[in-house]
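Asks: My structure is below; once you've seen it, I'll send some questions.
Throughout, read-outs are computed from the coordinates displayed, never taken from laboratory work. Note that the structure is a prediction, hence the values are computed from the model and not measured. Reconstructed Cβ throughout: ideal geometry from the backbone, glycine too, with neighbour counts over all protein chains shown.
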């Protein structure tokens, strides 16, 4: 890690160093917010949460080897040095931005209403075929997770891939001010966080705040099948990706081999190459395109890009597929909006046996939430699964629209307890079962039930 000490942290944040003089020059080796993750030399960031106050664990962090704490309250009987600031969240953002400025490596920022984390993993996998890459762990993509990720950079890294998630206006500006991406990817402008952002134009406005924090020679990589993104001028060099002919990079001849592989041709105006990705869901072909673009921009050969795509593996909760011995279980419980549900259903459609979709509420959609659930139900009726199971207040709208449009077999359950009781009688041997809802619906509670259904 590049030089970072409690004394430097106090200077960056305008905080007060409290501790003996020997601790001022201690080398910081990273930053964490969970005292159980502290390693020797770490900065422990005390966050005052709604249920847990990190200041209570400061001395435990010191016992585990923390070199310093960042606090917004006085730590009684502190067993080590700490920097006292007005706000630990604001301070860690300042530290993250400062620390990122010490590196000249290419930094790739990624956002979008759907597919951010998968794209981040694909880009990191491709670049990892040639470079030493730092990537956002899991989905730590907010105003706390991003600076903690940036503080994981060290001299060995040759590129960084940073996921940037937002829910309101101004958040992307605050993230981009820290990240200062050299390349910025937008996967999709879709129906997410509409409670704060209002409509799709609001989503576009919020996501594109990042371009104001990029250098003139920065590069935008956007989904050219998205009309709003296709029509947006980022004021810098731009590459588009998608399935339509007008894109700079496009995927053709997409095939899926069950749950094991997706293959496609990655095509430009001058050349093409065949790629295989060990993943479930034909949408993965679309998301492999920005990874290929980044690979090209950073000097990778087509063979290196293909090798990188072959090394991809999904992050937990996103289209993880398992064979229980009785059914094929598709765990896609992490999140849901109209775009991601449609993509999940398209991937489910490739299975040859009976296809079952268990769908719940899509949250955070704001004023149009009822209409979007109704539209989804009508859409599914056009060619949906063999069995649709809905659970939740808003999911009832999906169910009613589906049955009104003469969809196939369908069942609705008001709550999870009712559905858990009913599941063994609904599922048959050989079924492919998709489970998808917004994360706060906690549909992962169905997974052990489904995994244990036997003849």
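Asks: I'd like the antiparallel share, as a percent to the nearest 5, of DSSP beta bridges with both residues in the chain. If you can, show how the numbers build up before the last one.
Replies: Working: 20 of 69 bridges.
If I count the DSSP bridges inside the chain, around 30 percent turn out antiparallel.
Asks: A further question on this structure: Give me the one-decimal nm value for the distance between modelled label points at residue 440 and residue 37, 7 Å along each residue's Cα-to-Cβ direction.
Replies: Roughly 2.3 nm, to one decimal.
Asks: Related question: In what sequence, highest mean first, do 202-215, 328-341 appear when ranked by Cβ atoms within 10 angstrom?
Replies: Values: 202-215: 19.4, 328-341: 23.4.
Per-residue mean Cβ counts within 10 Å order the peptides as 328-341, 202-215.
Asks: Which length gain, in nm to one decimal place, applies between residue 101 and residue 215 when the Cα-Cα distance is subtracted from 0.36 nm times their residue separation? The partial results should precede the final answer.
Replies: Details: separation 114, 0.36 × 114 = 41.04 nm, distance 1.31 nm.
Between residue 101 and residue 215, full extension yields an extra 39.7 nm.
Asks: How far is helix 283-297 tilted off the main Cα axis of the chain, in degrees rounded to 10, range 0 to 90?
Replies: With both axes taken from Cα atoms, the answer is about 40 degrees.
Asks: Given the peptides 266-279, 140-153, 293-306, arrange them by the average over their residues of other C-beta atoms within 10 Å, most packed first.
Replies: Numbers: 266-279: 16.4, 140-153: 21.4, 293-306: 18.7.
Output ranking for 266-279, 140-153, 293-306: 140-153, 293-306, 266-279.
Asks: Estimate the FRET efficiency between residue 260 and residue 27 by the formula 1/(1 + (r/R0)^6), using the beta-carbon distance for r and 45 Å for R0, to the nearest 0.05.
Replies: With a Förster radius of 45 Å, E is 0.50.
Asks: Now for a different question. Can you give the angle from 0 to 90° between the axis of helix 338-348 and the longest principal axis of the chain, with both taken from C-alpha atoms, to the nearest 10?
Replies: Its long axis makes an angle of about 60 degrees.
Asks: Measure nothing but the geometry: give the 0 to 90° angle between the long axis through the Cα atoms of 116-127 and the longest principal axis through the Cα atoms of the chain, rounded to 10°.
Replies: That works out to roughly 70 degrees.
Asks: Of the listed values [x] 23.5, 75; [y] 21.2, 73; [z] 20.6, 64, grab the one calculated as Rg and Dmax of the Cα atoms in Å from the structure here.
Replies: [x]
Asks: Follow-up. Using just the helices of the chain, give the 222 nm mean residue ellipticity in deg cm²/dmol: DSSP H runs with n ≥ 4 each add -39,500 (n - 2.57), and the total is spread over all residues, rounded to 500. Working shown, then result.
Replies: Details: 16 runs with 144 residues, N = 455.
Dividing the helical sum by the residues of the chain leaves -9000 deg cm²/dmol.
Asks: Next question, about the same structure. How many times 2.2 N^0.38 Å is the alpha carbon radius of gyration of region 103-310?
Replies: Details: Rg = 16.0 Å, N = 208, 2.2 N^0.38 = 16.7 Å.
It is 0.96.
Asks: What does the extension gain come out to for residue 77 and residue 253, with contour length at 0.36 nm per residue minus their alpha carbon separation? Show your work: numbers first, answer last.
Replies: Numbers: separation 176, 0.36 × 176 = 63.36 nm, distance 6.55 nm.
Full-extension gain reported as 56.8 nm.
Asks: Could I ask something else about it? Alpha carbon centre of region 401-455 versus region 153-170: separation in Å?
Replies: Using only Cα atoms to place each centre, the spacing works out to 36 Å.
Asks: Kindly give the semi-axes, whole Å and largest first, of the ellipsoid equivalent to region 1-136, taking each as the square root of 5 times a Cα gyration tensor eigenvalue.
Replies: Largest first, region 1-136 gives 30, 17, 14 Å.
Asks: What are the extents of the Cα atoms of region 320-451 along their three principal axes, in Å, largest first?
Replies: The Cα atoms of region 320-451 stretch 42, 28, 24 Å along their principal axes.
Asks: Run the numbers for residue 87 and residue 199: contour at 0.36 nm per residue of separation, minus the present Cα-Cα distance, in nm. Intermediate values should be presented prior to the final figure.
Replies: Details: separation 112, 0.36 × 112 = 40.32 nm, distance 3.20 nm.
Value of the extension gain: 37.1 nm.
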